[in-house]
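Notes follow the structure.
Throughout, read-outs are computed from the coordinates displayed, never taken from laboratory work. Just so it is clear, the model here is predicted, and its values are computed rather than measured. In this analysis, Cβ positions are derived from the backbone assuming ideal geometry, glycine residues included, and neighbour counts consider all displayed protein chains.
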Amino acid sequence: MREHIPLEHLRQTVDGVCEDPGWIIFYVHDVRDNPSPGGCTPAYMEAVLKLVAGRCRILTVARRST
């Protein structure tokens, strides 16, 4: 999950999956103040989670089949 993806784009993606159910897979290497190129900041992760909270089931990869 790279911070160069605008939150508005992610909101539109979530809206789309709410209208036509499917999967959205978010993945990130690390969450920290100074993330690696594959990571993100805690603030960005929190903003993304707020976009999906209450609208989508949030599962870990390990729980996806239950």
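Other residues lying with their Cβ under 12 Å from the Cβ of Ala43 contribute a combined charge of -1, Lys and Arg counting +1, Asp and Glu -1. Applying the Karplus relation 6.51 cos²θ - 1.76 cosθ + 1.60 with θ = phi - 60° to region 40-45 yields 3J(HN,Hα) values of 8, 7, x, 5, 5, 4 Hz, where x marks Gly and Pro. Measuring spread by the Cα atoms of the chain yields a radius of gyration and Dmax of 12.3, 36 Å.
Annotation: extensible slack from Val31 through Thr60 equals 8.8 nm (criterion: 0.36 nm per residue apart, minus Cα-Cα distance).
Averaging the sequence gap over all C-alpha pairs within less than 8 Å and six or more residues apart, then dividing by the number of residues, gives the chain a relative contact order of 31 percent.
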